[in-house]
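Let me begin by presenting the structure, written as structure tokens, before commenting on it.
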Amino acid sequence: MNLFLTSNNADIKQYKNILGQITEEITKAFCDDKAYSGLTPQELKEIIHENTILPEKGLGWETVLQKLKEKILPNLLRTPSTDYMAHLHGPSLIETIAAEAIISTFNQSMDSWDQSPVATEIEVETIHNLCTLYGYDSTKSDGVFTSGGSQSNQTAIILARDWFCNEKLHYDVKKYGLDEKCSKLRMYTSEISHFSMEKSAHILGLGYKSAVKVPVDKNKKMDLTALRNLIAQDKKNGNIPFLIVATVGTTDFGSIDPLKELAQITTAEGMWLHADAAYGSGVIMSQKYKSRVAGLELCDSITVDFHKMFVMPISCSAVLVKDGSTFDALTIHADYLNREEDEEDGYTNLVDKSLQTTRRFDALKVWTSFQMRGKDGWNQIINTSMENAAYLYEKLYNDNSFAVVCKPEISSVVFRYSNGKAELCDEINKKIRRKLIHEHGIVIGQTVSDGRVCLKFTLLNPLITHEKLDELIVLIKKLAEQ
Ligand SMILES: Cc1ncc(COP(=O)(O)O)c(C=O)c1O
């Protein structure tokens, strides 16, 4: 029985056979440009149900391949389709799929050097390059790959909390845990920032109360006057401001908080500034638009997601830190894994910086794709997606049937069909999205802004054209009027 790819000829044959067949079937599944087959949840349940997925005797590869072909592949969301524009979730660049094959075939684990020798060195080098790209002093900065934006944010918040407790409160929170004073710690983030802020505050034992939500202005950016007032009020009440989290690309609108002004506040107040650039980190690749994310280099830490604007396979994210020594918060030595004597001899054990122990070699995707496409290729990908958003905004803005929430700074456009009474239009917008999925295989987003149901186009895919967007506007109007 063949188990793994080894140097044995039968294993090599089986590996090539299975991967060859699956590559063939995957390509056949892209039979049209539709994003989805249109099946309902109930229909899917009926199709995929088996009495057991663990039969007494194995069915063998050919039978399972047949099931994959019939039941699963046709009903997967085809993320590369230009009919898919719902979330901050995109297709996978072809070269990064090749990197994924290497990642899972060799199954390196990034916790210790002896589980990932060259992979560790590639991650270190990739992080070094990323720190330079985002404007950090590469001799002091550092970073680590994570499972996604949520974990990158959580890591940054832990580092900020521990740094603040050590430096400002002269209290070793890592050793002694939360004390009375820690319950007074406060972090500030916009009311439309990602929920991983509250979640992290809860996981850190600080509770939701410590994540103070700051109102946004009409462009969906953090309101600086409100922020200053909230900090002043908290200080007056005996609370301790320690962190501001700026969102560089809010989940729904792509709006960017004012980084330079926020950096002035954190410097004056002795606080940490984290940039949740899970979405907007890609903008740095655009020569034309990178000034929109100017100020990232002023932040103490940055979340960079490669499985959003950078269109790489899930999972792929990194957290970068201006002062790498703050990773001490996460370092703990285990005799079996990250021995101090090995580290003194130049063996890097990346577990020292990570919330995870066993961890994927996701850095390979960035290393591969950055080199293959270069600055030029990346500039084109990001510009196209941002310019599509600008085009769509203009079209909707100039059409009386629609109201657009705000001018896009990145690649998301939030709008609503607004030709009628507000409550009725809420229902019409919901109906439009459902009909698009089930009758047309087109998947767009839905959210709420100022209490009203809105539709959302998240234009990460650079294959989307202006013609495509024109056609969609016509279709949406037709569905609204049905
Ligand atoms: C602004 C922002 N931050 C963080 C996240 C969380 O990222 P992930 O889903 O990779 O955990 C998201 C997800 O959409 C996001 O939009």
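Any read-out appearing in this document is the output of simple, stated calculations on the displayed coordinates, not a laboratory observation. Note that the coordinates shown come from a computational prediction; the quantities given were computed from them, not determined experimentally. Cβ coordinates were reconstructed from backbone atoms using ideal geometry, including for glycine residues, and neighbour counts include every protein chain displayed.
Can you give me the distance in nm between label points at residue 174 and residue 137, each placed 7 Å from the Cα along the Cα-to-Cβ direction? Inter-label distance under the simple model: 2.1 nm. Identify all lysines with a Cα-Cα distance to residue 34 below 20 Å; exclude those on the same chain that are fewer than 8 residues away in sequence. Partners within reach: 69, 71, 431, 435, 456, 468, 477, 478. Annotation for the range 441-482 versus the range 184-242: alpha-carbon center distance of 32 Å. Cα to Cα, under 20 Å, and not fewer than 8 places away if on the same chain: which aspartates and glutamates meet these conditions relative to residue 184? Straight-line reach from residue 184, under 20 Å: 162, 167, 172, 198, 234, 269.
Only lysines eight or more places from residue 290 in sequence, or on another chain, were considered; those with a Cα closer than 16 Å are 260, 375. Across the range 101-370, C-alpha contacts under 8 Å between residues 6 or more apart give a mean separation that, scaled by the residue count, equals a relative contact order of 29 percent. Taking only alpha carbon atoms, the range 334-420 gives an Rg to Rh ratio of 1.33, where Rh is the Kirkwood radius.
Between residue 17 and residue 344, the simple label model (points 7 Å from Cα in the Cβ direction) yields a spacing of 5.3 nm. Global size of the range 98-236: 18.8, 57 Å for Rg and Dmax (C-alpha atoms, Rg to one decimal, Dmax whole). With a Förster radius of 22 Å applied to the C-beta separation of residue 114 and residue 3, the computed FRET efficiency comes to 0.45.
Applying a DSSP loop filter and a limit of 14 other Cβ atoms within 10 Å to the trypsin sites (Lys or Arg not before Pro) in the range 1-74 leaves 57. What separates the Cα centres of the range 145-175 and the range 1-54 is a distance of 41 Å.
The range 261-289 and the range 422-437 have Cα centres lying 36 Å from one another.
Each 10 Å bin from 0 upward holds the following percent of the Cα-Cα pairs of the chain: 4, 18, 25, 25, 19, 8, 1, 0.
Viscosity 0.890 mPa s, temperature 25 °C: Stokes-Einstein D of the range 9-75 from its Kirkwood Cα radius, in µm² per second? Estimated via Stokes-Einstein, D reaches 176 µm²/s.
Scaled to the compact-protein estimate 2.2 N^0.38 Å, what is the alpha-carbon radius of gyration of the range 374-480, rounded to two decimal places? Don't skip to the end; give the middle numbers.
Working: Rg = 14.1 Å, N = 107, 2.2 N^0.38 = 13.0 Å.
In units of the globular-protein estimate, the range 374-480 measures up at 1.08.
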